[in-house]
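*Asks:* Take a look at this one; I'll ask things after.
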């Protein structure tokens, strides 16, 4: 009897508590509008799959994730009856984009996805993107920057994606060491050498096997008026006048390393984060980076150190010849269901407006700069000025292959394995061989 | 009692004639018995290889389009000026990795066996430490070594060298050093596998052979050359086949350590294949390279197998 009483006293409350917890689980799951694999109620009438990158809603940065969680909660409350099934893209973005493309062609792709602007041409060529015109006003379409509008529109005038933010490359400098912004390549090398004399490791930039290497550097080629492809999408950068301009830009990079203005280790840098880390550690006083790194430096460094960092337009061969590569990400619908396409457009607008304002990324519509006060900082004046010389990647499906060859040849030059002429000639032979089968 | 035991054993053991009947059926009609294995191997191993072979003779691309059979992809890949460099990198990377892993694996295994024979403490810990590197995923291996080899002023190895007054080394930005760095990272990870295989083989050697050699006054190197090596020869060859294939397929550690750079200095065939498919969207070209990789692996495996004792191939 004593044993039974003891059992009843210990086990019955435990079972009751377990039962209560279990019965409460579905309720808490219902209440939680943002989970790791969805936004919205589990039992929503309509659902849409959305494949996104890990830089916002599921960001490793807690503040960013929380901010987007709020934005998405408001969004789903404004769209009752919907659930967004989220699918996360891994860090290997090239592979992820290829996977989305392949799955979409097989009819197994997501309904809505984030597409790298560098890959938009490949998606357009594969005819897997659903037109969004019905859900965008003519004013909204007209308000996109011209290079953005060109990138997202097909020959029939269909808007196939919403390019929700753009980015650009600028020159960062620690004004305690380099007070005046260099305007030309020669001034840049001289300033970088001064930083080396002051004990820094010189100017840093991407030089490893990554898209950033090709794209950052192309600004110096574009600044001279160089063309990468002809009207048929065939590479022409190694022919005629283009070849000369290409070699000029290559020799600028080569000269930086040979003179010691940049360390040879730039040939190993494959992420902007490596560069931000060096700036935060105080080992470099100059670097070529993306506009988003400005906000990273402001949050990483203490106020006094952060205030010392300023941005300026990328230098040119002369002060009048400037360009900067403009990239960014788009959101596109891959579904034939009009309701899902509309929902995808609404998600894209969420990112383009409040999402950009929260992250201080650069919107692709002029009107949004006036709408949000977050874009009032002095750095945005520099970005806006640089954007006037913005140049997008060529909208051809062959760009990734061309970029890969440019990455290889830049690496060969920076590691001093080849002279610029030899590296360019080898890339030309490789591209001719690759394009001969098309 | 005796009667009962014999009755139980008679029920438990299949009757010889029943067993012979099953064997007879299997021998006279083997297909139904082999069918499950044929289906599994066919579906999961043979079909992908045959499909890759088919794709190699098309213009298939990840961006879609009409698939046409042609030799263009084969021609483009085989005449690609980067291919000789990539094959050279693959040969150096594979040969150095296999030799390094075998030698280090053999050394550690001999050390562990000798330690265990002399009841030295810590042998289990030593084996566990070596195995720890083996369970690290390839990508993580690359990330770990990229932090160690970092040429930034705060890079781990260069900072340590700096404390000793030694000039920093261009571990990853010099094409020659980059290949050495990638090989070191791969050997670090792969040594454990060789150690396990060779350790098992060493444990299987009959102790009386060493006792007889001791009686005959054999020197340590003679015992190693005339007893140990011949006794573990098969294990060494099988290990060589396995780690050669594994190294030929390695690209995860390379992609996260150097990305194949600087330039193409560390781009091995498996990484070149991956880049062809996922960067250039060239499915046909990637399929041609996959077949090249398969042929190389089979040729090397066949070469090793020639040295296996007869009856053990």
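*Asks:* Which condition from (1) more than 23 Å from the chain's Cα centre (by Cα); (2) surrounded by fewer than 18 Cβ atoms within 10 Å (Cβ to Cβ); (3) at pLDDT 90 or above is the one that residue B:85 breaks?
*Replies:* So the condition that residue B:85 fails would be (1).
*Asks:* With A:346, A:342 as the choices, which residue is more than 19 Å from residue A:219 (Cα to Cα), touching a helix residue (DSSP H, G or I) at 6+ places or on another chain (Cβ under 7 Å), in the same structural domain as residue A:147 (by TED's automatic domain parsing) and not in a strand (DSSP E or B)?
*Replies:* Sole residue among the options that is more than 19 Å from residue A:219 (Cα to Cα), touching a helix residue (DSSP H, G or I) at 6+ places or on another chain (Cβ under 7 Å), in the same structural domain as residue A:147 (by TED's automatic domain parsing) and not in a strand (DSSP E or B): A:342.
*Asks:* Give the residues of the stretch A:119-148 that are touching a residue at least 12 places away in the same chain (Cβ under 8 Å) and within 14 Å of chain B (Cβ to nearest Cβ), sorted by residue number.
*Replies:* Residues satisfying the conditions are A:119, A:120, A:121, A:122, A:123, A:124, A:125, A:126, A:128, A:129.
*Asks:* Within the stretch B:34-41, can one find any residue that is surrounded by 12 or more Cβ atoms within 10 Å (Cβ to Cβ), in a helix (DSSP H, G or I), touching a residue at least 40 places away in the same chain (Cβ under 8 Å) and away from every other protein chain (no Cβ under 14 Å)?
*Replies:* The answer is no; no qualifying residue exists.
*Asks:* Here's another thing I want to ask about it. Only residues in the stretch A:255-275 that are closer than 20 Å to residue A:93 by Cβ count as the first member; pair them with residues that are in a helix (DSSP H, G or I), Cβ under 7 angstrom, at least 6 apart or cross-chain, and list the lot.
*Replies:* Cβ pairs passing all conditions: A:269/A:275; A:272/A:212; A:272/A:293.
*Asks:* Here are some residues: B:74, B:46, B:62. Which one is in contact (Cβ under 8 Å) with a residue 24 or more places away in the chain, in a helix (DSSP H, G or I) and within 30 Å of the chain's Cα centre (by Cα)?
*Replies:* So the residue among B:74, B:46, B:62 that is in contact (Cβ under 8 Å) with a residue 24 or more places away in the chain, in a helix (DSSP H, G or I) and within 30 Å of the chain's Cα centre (by Cα) is B:74.
*Asks:* I'd like to check which helices (runs of 4 or more DSSP H) are fully inside the stretch A:372-438 and have at least 1 residues that are free of Cβ contacts under 8 Å to residues at least 24 places away in the same chain and facing chain B (nearest Cβ under 8 Å).
*Replies:* It comes to A:399-414, A:420-435.
*Asks:* Something else about it: Got a number for residues in the stretch A:254-269 being surrounded by 22 or more Cβ atoms within 10 Å (Cβ to Cβ) and either in contact with a helix residue (DSSP H, G or I) (Cβ under 7 Å, 6 or more places away or on another chain) or not in a loop (DSSP other than H, G, I, E, B) (or both)?
*Replies:* 8
*Asks:* Does the stretch A:178-195 contain at least one residue that is within 14 Å of chain B (Cβ to nearest Cβ) and out of contact with any helix residue (DSSP H, G or I) (no Cβ under 8 Å at 6 or more places or on another chain)?
*Replies:* From the stretch A:178-195, those within 14 Å of chain B (Cβ to nearest Cβ) are A:195; that's our starting set.
If we keep only those that are out of contact with any helix residue (DSSP H, G or I) (no Cβ under 8 Å at 6 or more places or on another chain) too, we end up with A:195.
Yes; the residues of the stretch A:178-195 include at least one that is within 14 Å of chain B (Cβ to nearest Cβ) and out of contact with any helix residue (DSSP H, G or I) (no Cβ under 8 Å at 6 or more places or on another chain).
*Asks:* Could you grab me the full set of residues in the stretch A:256-272 that are away from chain B (no Cβ under 12 Å) and farther than 10 Å from residue A:202 by Cβ?
*Replies:* Selection gives A:258, A:272.
*Asks:* Among the residues of the stretch B:68-82, write down those that are more than 8 Å from chain A (Cβ to nearest Cβ) and surrounded by 14 or more Cβ atoms within 10 Å (Cβ to Cβ).
*Replies:* Within the stretch B:68-82, B:74, B:77 qualify.
*Asks:* Select, from A:207, A:225, A:202, the only residue that is assigned to a loop (DSSP other than H, G, I, E, B), assigned by TED's automatic domain parsing to the domain that holds residue A:288 and surrounded by fewer than 20 Cβ atoms within 10 Å (Cβ to Cβ).
*Replies:* Numbers: A:207 fails: surrounded by fewer than 20 Cβ atoms within 10 Å (Cβ to Cβ); A:202 fails: surrounded by fewer than 20 Cβ atoms within 10 Å (Cβ to Cβ).
Criteria check complete, one pass: A:225.
*Asks:* Here is a list of conditions, (1) surrounded by fewer than 20 Cβ atoms within 10 Å (Cβ to Cβ); (2) over 22 Å from residue A:147 (Cα atoms), and residue A:413 meets all of them except one; can you say which number that is?
*Replies:* For residue A:413, the failing item is (1).
*Asks:* Restricting attention to the stretch B:273-299, report how many residues are away from chain A (no Cβ under 11 Å) and under 17 Å from residue A:430 (Cα atoms).
*Replies:* Matching residues across the stretch B:273-299 total 2.
*Asks:* Another one. Tell me, please, whether a residue that is without any contact (Cβ under 8 Å) to a residue 40 or more places away in the chain, in contact with a helix residue (DSSP H, G or I) (Cβ under 7 Å, 6 or more places away or on another chain) and within 14 Å of another protein chain (Cβ to nearest Cβ) can be found in the stretch B:254-261. Before the answer, list the steps.
*Replies:* The first filter runs over the stretch B:254-261 and keeps only residues without any contact (Cβ under 8 Å) to a residue 40 or more places away in the chain, leaving B:259-260.
Next, from what is left, pick out any that are in contact with a helix residue (DSSP H, G or I) (Cβ under 7 Å, 6 or more places away or on another chain): B:260.
Now drop any that are not within 14 Å of another protein chain (Cβ to nearest Cβ), which leaves B:260.
Looking through the stretch B:254-261, at least one residue is without any contact (Cβ under 8 Å) to a residue 40 or more places away in the chain, in contact with a helix residue (DSSP H, G or I) (Cβ under 7 Å, 6 or more places away or on another chain) and within 14 Å of another protein chain (Cβ to nearest Cβ).
*Asks:* Look through B:256, B:287, B:270 and report the one residue that is surrounded by 24 or more Cβ atoms within 10 Å (Cβ to Cβ) and out of contact with any strand residue (DSSP E or B) (no Cβ under 6 Å at 6 or more places or on another chain).
*Replies:* The unique qualifying residue is B:287.
*Asks:* Right, here's the next one. For residues that are out of contact with any helix residue (DSSP H, G or I) (no Cβ under 8 Å at 6 or more places or on another chain), free of Cβ contacts under 8 Å to residues at least 24 places away in the same chain and more than 20 Å from residue B:190 (Cβ to Cβ), tally how many sit in the stretch B:81-119.
*Replies:* Going residue by residue through the stretch B:81-119, those that are out of contact with any helix residue (DSSP H, G or I) (no Cβ under 8 Å at 6 or more places or on another chain) are B:84-85, B:88, B:91, B:95, B:99, B:103, B:107, B:114, B:117-119.
Going one step further and asking which of them are free of Cβ contacts under 8 Å to residues at least 24 places away in the same chain, we end up with B:84, B:88, B:91, B:95, B:99, B:103, B:107, B:114, B:117-119.
With more than 20 Å from residue B:190 (Cβ to Cβ) added as a condition, the list becomes B:84, B:88, B:114, B:117-119.
Residues meeting the conditions: 6.
*Asks:* Okay, moving on. Count, please, the residues in the stretch A:273-295 that happen to be assigned to a helix (DSSP H, G or I), more than 10 Å from chain B (Cβ to nearest Cβ) and over 18 Å from residue A:168 (Cα atoms).
*Replies:* Here the count works out to 2.
The values are calculated or read from the model by the stated rules, or taken from the named source; none is laboratory data. Predicted model only: the values in this text are computed from it and were never measured. Don't worry about glycine lacking a Cβ; one is built from the backbone with ideal geometry, like all the others, and counts go over all protein chains shown.
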